[in-house]
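Reading through the structure tokens given below for one structure.
The values are calculated or read from the model by the stated rules, or taken from the named source; none is laboratory data. In this text the structure is predicted, and so the values were computed from the model without any measurement. Virtual Cβ from ideal backbone geometry, glycine too; neighbours counted across all protein chains shown. Keep in mind that these areas ignore ligands, DNA and RNA; they rest on the heavy atoms of the full protein, side chains included. Shrake-Rupley method; radii C 1.70, N 1.55, O 1.52, S 1.80 Å.
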Amino acid sequence: DVKVTQSSRYLVKRTGEKVFLECVQDMDHENMFWYRQDPGLGLRLIYFSYDVKMKEKGDIPEGYSVSREKKERFSLILESASTNQTSMYLCASSQLVPDTQYFGPGTRLTVL
Amino acid sequence: AQKITQTQPGMFVQEKEAVTLDCTYDTSDQSYGLFWYKQPSSGEMIFLIYQGSYDEQNATEGRYSLNFQKARKSANLVISASQLGDSAMYFCAMREGRSGSARQLTFGSGTQLTVLP
């Protein structure tokens, strides 16, 4: 079974704090993705990575950065959290082929 | 233009009945993939079924089947014999380009399915 885990289910942070969201997959997948999900806006891609140390911007990268130092781990960083980054964050991973994305349980982040 | 359109914000179905969730897509690529995911209230996105653009047969996975009509650009999800545990949000998604091209998924806005006892 594919297993994607995220470091926290719920997180509360203050405006201006640096926030790290961690994602780990145990299936040796090449690709990893970070999405945010907001009511009425659906899922939007923030960043993805197709290899260690490689990253590509998604649709809404502003205010975020990522790090992939090891194949199994993909971190999303909010350099200075703002209230408009309050959201559900979903991590996913996939092989190259087939490229079905498997998701983690999500992190509900609240920025006060 | 929306790449993935799900026109049913909410649907109700009686337990043990079949239900069809609509999805239409828009792409100029010849090679693409279509996915359906289920999201229960717990929040996790669960992969259900996949259809490749060159697949001639409709995909099936247990009680799930995908009614793929390429000319109409539709990829409807059919759930047979609905169960109470099927109550969830359902998302249609598309990957443009061939599998292995590390392309992102584009998601529809989702359909909230409620199964009635």
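Each label point was placed 7 Å from the Cα along the Cα-to-Cβ direction; for A:Ile60 and B:Lys16 their separation is 4.3 nm. Please list log₁₀ I(q)/I(0) at q = 0.21, 0.28 Å⁻¹ for the range A:1-64, using the Debye equation with identical point scatterers on the alpha-carbon positions. Taken in order of the listed q values, log10 I(q)/I(0) reads -1.12, -1.36. The equivalent ellipsoid that matches the C-alpha gyration tensor of chain B spans semi-axes of 24, 14, 13 angstrom, in descending order.
Shielding by partners for peptide A:34-46, expressed as the average number of C-beta atoms from other protein chains within 10 Å of each residue's C-beta, is 3.
The slack in the chain from B:Lys70 to B:Glu56, taken as 0.36 nm per residue of separation less the alpha-carbon distance, amounts to 4.1 nm. The C-alpha atoms of the protein assembly as shown occupy a region whose extents along the principal axes are 49, 39, 36 Å, arranged from largest to smallest.
Calculate the FRET efficiency for B:Leu116 and A:Glu22 from the Cβ-Cβ distance with a Förster distance of 45 Å, rounded to the nearest 0.05.
Numbers: r = 40 Å, r/R0 = 0.88.
That gives a FRET efficiency of 0.70.
Counts of other chain beta carbons within 10 angstrom of each beta carbon in peptide A:94-101 average 6. Solvent exposure of the protein assembly as shown amounts to 48 Å² per residue of accessible area, where only protein heavy atoms count and the probe is 1.4 Å.
What shape does the range B:62-117 have by the C-alpha gyration tensor, where a ≥ b ≥ c are the square roots of the eigenvalues, rounded means a/c under 1.5, and otherwise prolate means a/b greater than b/c and oblate the rest? Don't skip to the end; give the middle numbers.
Values: a/c = 2.42, a/b = 1.85, b/c = 1.31.
Prolate shape, in that a/c is at least 1.5 and a/b is the bigger ratio.
The mean number of partner chain beta-carbon atoms within 10 angstrom of a residue's beta-carbon across peptide B:38-48 is 4.
I want the antiparallel fraction of DSSP beta bridges within chain A, as a percent rounded to 5.
Details: 35 of 39 bridges.
DSSP beta bridges in chain A are roughly 90 percent antiparallel.
Please tell me the relative contact order of chain A in percent, rounded to the nearest whole number, where contacts are Cα pairs under 8 Å and at least six residues apart. After rounding, I find 36 percent.
Express the relative contact order of the range B:23-115 as a whole percentage, based on alpha carbon pairs under 8 Å and six or more residues apart in sequence. Provide the component values of the computation, followed by the final result.
Numbers: 190 pairs, mean separation 29.0, N = 93.
Value for the range B:23-115: 31 percent.
The orientation-averaged projection of the convex hull spanning the C-alpha atoms of chain A amounts to 6.5 square nanometres.
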